[in-house]
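Beneath this line is the structure, given in structure tokens, with notes to follow.
The values are calculated or read from the model by the stated rules, or taken from the named source; none is laboratory data. Here the structure is a predicted model, which is why all the values come from computation and not from measurement. Note that we place each Cβ from the backbone using ideal geometry, even for glycine, and neighbour counts take in every protein chain shown. Accessible surface areas use protein heavy atoms only, side chains included; no ligands, DNA or RNA. Shrake-Rupley method; radii C 1.70, N 1.55, O 1.52, S 1.80 Å.
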Amino acid sequence: MKPTKYKEINELLQQLLTQIKSILADKFVGMYIGGSLSSDSFQCETSDIDCYIIAASKLSKSVLKNIERMHNQFYLSKLKYAQKIEASYIPQKDLLHFNPSGIRPYFNEGCYYLGEYGNNYIIELHVLREKGISISGPDIKSLIKKISPQDLILAIQKNLHEYWEVILSDLSKFKRSDYQVFAILTMCRTLYSLETGAITSKIEAAQWTLQRLDRWKNLIEHAITWNPGQELNKVDETQQFIKYTINKCHDY
């Protein structure tokens, strides 16, 4: 199995798939990779491995407990990239009926969460449907209905107002350099999507934005060239860029 160009990631995914199939048994439908790996923009130091496991129906508490135990073991293992796995478990019906307020279990950084899908869910599904990598299971396009550019833009606008407008005042997040980079590149991708009705990688969207917005050129270049451990110290500029993007979305 060589779904990606990274040998260690392929081996990790094969081990994860074996464990998941064993736990889910006949409820297993498929396992797919989205995010940066699917758009060929994975960065070893900063990117997550976004896994989507599709189940035939909602998983019981006992099954989720076994899954949580398995993910904890993976996280604590010495397998390369094991701590980068972010796994969502989605009932098959939730791929066809979009409900932002629905609840999904997911695992990230060794912790188990039950959280709302949110408006970002439609954006995730769009990326998964159009660019997702199949690890096991049917063609992902047969499971997810096509998302129109209008629905995609509407979801992006809602996500801007319901998440980014609220988070602007949370200085505990914005003091982190990695979060500043995340916010800057996400705004670049947001602007790209609002203009084109499509989704691309954050880096490609940043390059696209650089060619169009001289005002934010310095900030975006710093985000593109940032490496873990470096101090960015662009809190105010990052917040201003988010405000610019929120205001810009009204044009669409």
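In the set 108, 119, which member is free of Cβ contacts under 8 Å to residues at least 60 places away in the same chain, surrounded by 14 or more Cβ atoms within 10 Å (Cβ to Cβ), under 30 Å from residue 244 (Cβ atoms) and polar (S, T, N, Q)?
119
Only residues that are among the hydroxyl-bearing types (Ser, Thr, Tyr), in contact with a strand residue (DSSP E or B) (Cβ under 7 Å, 6 or more places away or on another chain) and not in a strand (DSSP E or B): list them for the stretch 89-121, please.
101, 117
For the stretch 60-70, which positions are in contact with a Phe, Trp or Tyr (Cβ under 8 Å, 6 or more places away or on another chain) and open to solvent by less than 20 Å² (accessible area, probe 1.4 Å)? I'd like the intermediate steps shown before the answer.
Going residue by residue through the stretch 60-70, those that are in contact with a Phe, Trp or Tyr (Cβ under 8 Å, 6 or more places away or on another chain) are 64, 67-68.
Within the stretch 60-70, just 67 meets the criteria.
List pairs: first in the stretch 67-86 and of a type in the set (Lys, Arg), second open to solvent by 40 Å² or more (accessible area, probe 1.4 Å), Cβ under 6 Å, 6+ apart or cross-chain?
80/8; 84/48
Filter the stretch 122-152 down to residues that are open to solvent by 70 Å² or more (accessible area, probe 1.4 Å) and not in a helix (DSSP H, G or I) and give me whichever is farthest from residue 186 (Cα to Cα).
Across the stretch 122-152, the extreme among qualifying residues is 139.
Yes/no matrix, rows are residues, columns are (1) modelled with pLDDT of 95 or more; (2) open to solvent by 80 Å² or more (accessible area, probe 1.4 Å); (3) among the β-branched types (Val, Ile, Thr); (4) under 19 Å from residue 109 (Cα atoms):
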residue: 25; (1), (2), (3), (4): yes, no, no, no
residue: 38; (1), (2), (3), (4): no, no, no, no
residue: 46; (1), (2), (3), (4): no, no, yes, yes
residue: 54; (1), (2), (3), (4): yes, no, yes, no
residue: 74; (1), (2), (3), (4): no, no, no, yes
residue: 88; (1), (2), (3), (4): yes, no, no, yes
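Can you tell me which residue is most open to solvent (accessible area, probe 1.4 Å) among those in the stretch 163-187 that are polar (S, T, N, Q) and outside any loop (DSSP other than H, G, I, E, B)?
Only one residue tops the list, namely 172.
What do you reckon, is residue 2 of a type in the set (D, E, K, R), open to solvent by 80 Å² or more (accessible area, probe 1.4 Å), in contact with a helix residue (DSSP H, G or I) (Cβ under 7 Å, 6 or more places away or on another chain) and over 30 Å from residue 163 (Cβ atoms)?
yes
Does the stretch 22-30 include one or more residues that are under 23 Å from residue 186 (Cβ atoms) and touching a residue at least 60 places away in the same chain (Cβ under 8 Å)?
The answer is no, given that none of the residues of the stretch 22-30 is under 23 Å from residue 186 (Cβ atoms) and touching a residue at least 60 places away in the same chain (Cβ under 8 Å).
In the stretch 204-247, which residue that is under 21 Å from residue 39 (Cβ atoms) and aliphatic (A, V, I, L, M) is surrounded by the most Cβ atoms within 10 Å (Cβ to Cβ)?
223
Within the stretch 16-65, how many residues turn out to be part of a loop (DSSP other than H, G, I, E, B) and aromatic (Phe, Trp, Tyr)?
Residues in the stretch 16-65 being part of a loop (DSSP other than H, G, I, E, B) and aromatic (Phe, Trp, Tyr): 1 in total.
May I ask you to say which residue of 171, 154, 128 is within 24 Å of residue 56 (Cβ to Cβ) and either aliphatic (A, V, I, L, M) or touching a Pro at 6+ places or on another chain (Cβ under 6 Å) (or both)? Write out each step before concluding.
Details: 171 fails: within 24 Å of residue 56 (Cβ to Cβ); 154 fails: within 24 Å of residue 56 (Cβ to Cβ).
Within the list 171, 154, 128, the selection yields 128.
How many residues does the stretch 68-85 contain that are in contact with a helix residue (DSSP H, G or I) (Cβ under 8 Å, 6 or more places away or on another chain) and not in a helix (DSSP H, G or I)?
Number of matching residues: 4.
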